[in-house]
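Data block below; observations after.
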Amino acid sequence: MKHSILRLAVAGATLAAGAGLVAVTAPTASAACADLDVVAARGTFEPGTLGLIVGDPVYAALRNKITGKSLTSYAVDYPASLDLTSAAQGNADLVDHVTAQAASCPNQRFILVGYSQGANVVDNSIGISSAGAVVGSPIVATIPAALEPRVAAVLLFGNPIRALGKSVTGTYQSRTIDFCATGDPICQNGGSDVLAHLTYTNRADEAAAFAAGKV
């Protein structure tokens, strides 16, 4: 049932893209050490550079809200598919990227962004298991404790663990904002409004303002 809902949501996203929504082109993280690296995990089958519905608009909003600091971005390299190992692959890649960037750029901080399955990826990476959630997985890697203070903010949208009654707790809780649209069946147990899962673009500015207050 949840997979059917995801397929409908993906179809809606594709139609929205065809209706004229344009993804913001975002540079990937490079050898240059920016002040902030925005690490984004897209939703299942979500098009766009960082993600049409969340990643791209959030990155654009962050660039507007955070002044006086340089930003790069990284799209988590994972299938974002319905494969049972998809979220685990994203979890491993996110942690690998942050660990490598932190070693190369000692003063760089990170903003983690996750939408739908991408929120599972981020959850796992900060030590909150998404096992049992739609397109979730057990934790395969976590950001090392020594790097936790360098994660400035965690921005989550349509987070599937919320349908299990779970949320981000512990060391990252005060740095996390977690959006669940009313009726979104991916993050709200009993939700039945499939289209609600496609509305998170309109929370980009709010999310960016939250992150700006943490950096």
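The values are calculated or read from the model by the stated rules, or taken from the named source; none is laboratory data. Since the model is a prediction, treat every value here as computed from it, not as a measurement. Virtual Cβ from ideal backbone geometry, glycine too; neighbours counted across all protein chains shown. The accessibility values were calculated without ligands, DNA or RNA, using every heavy atom of the protein model including side chains. Shrake-Rupley method; radii C 1.70, N 1.55, O 1.52, S 1.80 Å.
Here are a few things to note about the model shown:
- Filter result for the condition that a residue is open to solvent by less than 40 Å² (accessible area, probe 1.4 Å), modelled with pLDDT under 95 and of a type in the set (A, V, I, L, M), over ALA17, ALA32: ALA17
- Test: ARG162 is surrounded by 18 or more Cβ atoms within 10 Å (Cβ to Cβ), in contact with a Phe, Trp or Tyr (Cβ under 8 Å, 6 or more places away or on another chain) and not in a loop (DSSP other than H, G, I, E, B): no
- Test: residue in segment 37-48 that is surrounded by fewer than 21 Cβ atoms within 10 Å (Cβ to Cβ) and within 20 Å of ALA141 (Cα to Cα): no
- Qualifying position, being more than 22 Å from ASP184 (Cα to Cα) and touching a residue at least 24 places away in the same chain (Cβ under 8 Å), among PRO57, PRO138: PRO138
- For segment 177-189, the count of residues that are closer than 19 Å to VAL54 by Cα, without any contact (Cβ under 8 Å) to a residue 60 or more places away in the chain, in a strand (DSSP E or B) and of a type in the set (Phe, Trp, Tyr) is nonzero.
- The residue list THR199, THR176 contains one member that is within 28 Å of CYS105 (Cα to Cα) and either open to solvent by 30 Å² or more (accessible area, probe 1.4 Å) or out of contact with any helix residue (DSSP H, G or I) (no Cβ under 8 Å at 6 or more places or on another chain) (or both), which is THR176.
- Whichever residue in segment 94-137 is assigned to a helix (DSSP H, G or I) and more than 17 Å from LEU155 (Cα to Cα) and, among such residues, is nearest to the chain's Cα centre (by Cα): HIS97
- Subset tally (residues that are in a helix (DSSP H, G or I), polar (S, T, N, Q) and within 15 Å of LEU155 (Cβ to Cβ)) for segment 65-93: 0
- Verdict on VAL76 being touching an Asp or Glu at 6+ places or on another chain (Cβ under 8 Å) and surrounded by 23 or more Cβ atoms within 10 Å (Cβ to Cβ): yes
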